[in-house]
1. Who wins for biggest fluctuation among 197, 56, 38 in a Gaussian network model of the chain, springs between alpha carbons below 10 Å?
2. Which one of 158, 144, 286 has the biggest mean-square fluctuation once the chain is modelled by GNM with Cα springs under 10 Å?
3. Relative to the longest principal axis of the C-alpha atoms of the chain, give the angle of the C-alpha long axis of helix 71-80, reported between 0 and 90° and rounded to the nearest 10°.
4. Highest GNM mean-square fluctuation, the chain, Cα pairs closer than 10 Å: which of 323, 268, 248?
5. Compute the distance from the alpha-carbon center of the range 4-43 to that of the range 153-169, in whole Å.
6. Work out, step by step, the length gained on full extension between residue 296 and residue 53: first 0.36 nm times the residue separation, then minus their alpha carbon distance; give nm to one decimal.
7. Report the Cα centroid-to-centroid distance between the range 75-117 and the range 299-325 in angstrom, as an integer.
8. From the P(r) of the range 230-352, could you give the percentage of C-alpha pairs in the tail past 24 Å?
C-alpha cells in the first residue's frame, strides 16, 4: 500500500513541475519570436518573473522524494543518466543567470545575448525533459545489479542497449517542446494585453495542429517500442478514460482559444499535460524503470521501496513540506494575478 501511495506522490510532483514550470519554459522559447520591442520583452518576462524560480521547487522536491522513498531508483537513475542530468543542470543555471542578469545590464548587445541564451536554454530543457520521460517509457539497459549507463546517442535506434537520444526519444522531446510552447503562449494570453496578447493567441493555432499530430505519432510509437505500456489499460478498461481525456483537452484548447477565453484554454492545456504524463505513468506501473535487457532486471516498486519506518516518517514530513509549498504557490499566484504591466521587471517583476 505504501509503495502505491509513494509511486503516485512522486508522479504528482513530476506532473506538478511540468504544469507549473512548463509555461515559463514555453514563454522562454517564445519571447524571442513574439516580441517586437524591449517593452514587450519586459512584459513577457515579467509575466513569469514572480513565479519561475518558485515553480522549480517541485523539481527539487521530486528528487528529494525519490532519495528516501525509492533509493535504488535514485541511485540507478542519477548514475545512469549522469551525462544528460549534468546538461540539464547547466541549462537550468544558464537560464536563471540570463533571466536575472538582463535587468542589470543596460547594453543592447548584452541583453540580446542573454535573451538568446535564455531562449535556447528553455528550448533545450523542454526537449531534454521530454526525451527523459520517453527514456523511462522505452526502458534502459539495466543490469542485474540495478545499474546502467547510457551514452548520449548510439545508432539512433531503440534496442537492448540504446542511447539517451534515438528516434523515439526525439519524438518525446518534440512533443514536450511543442506542448510547452503552446502552454507558454496560452499563459501569455492570460497575462499580457494588446498586440502581444493577440500574437500569442494566433500562434496557438499552428502549435495546436502540430501538437495533435505529434501526440498521435507518440502514442503509436510508444506502443511499438514497448507494447507492455498498454497492459494496465487492458487489465483495467476504465482507465482508457485517460486517452479520451487527452483528446477532450486538446479539443477544449482549440475551442476556448477560438472563443478568446484565455484562462479556460490555459487550464485545458494544463489538463492535457497532466493526462499525458499520468497516462504514461499508469502504463509503467508497477515498474519504476523498465529494463530493455529483460523484465527481471526492471526496477519495480517492491524492489526499490524504502523500509516502512522511513516511509511512515517521511510521509509526515513530506505532507508538512508540501503544505508549505502549496501555500506559497497559492499566495504568489494570488498576489500577482492580473495582466503584466509593460514596465515589469525581468527577474521578479510584479503584475500591474
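1. 38
2. 144
3. 70
4. Maximum among the listed residues: 323.
5. Using only Cα atoms, the two centres lie 27 Å from each other.
6. Working: separation 243, 0.36 × 243 = 87.48 nm, distance 3.99 nm.
Full extension of this stretch gives 83.5 nm more.
7. If you average the Cα positions of each part, the centres end up 31 Å apart.
8. On the way: 4417 of 7503 pairs.
I get 59 percent for the Cα pairs in the range 230-352 exceeding 24 Å.
Just so you know, all these numbers are worked out from the coordinates, no wet-lab data involved. Remember, it's a predicted structure, so these values are computed and weren't measured experimentally. For neighbour counting, all protein chains shown are included, and Cβ atoms are generated from backbone atoms with ideal geometry for every residue, glycine included.
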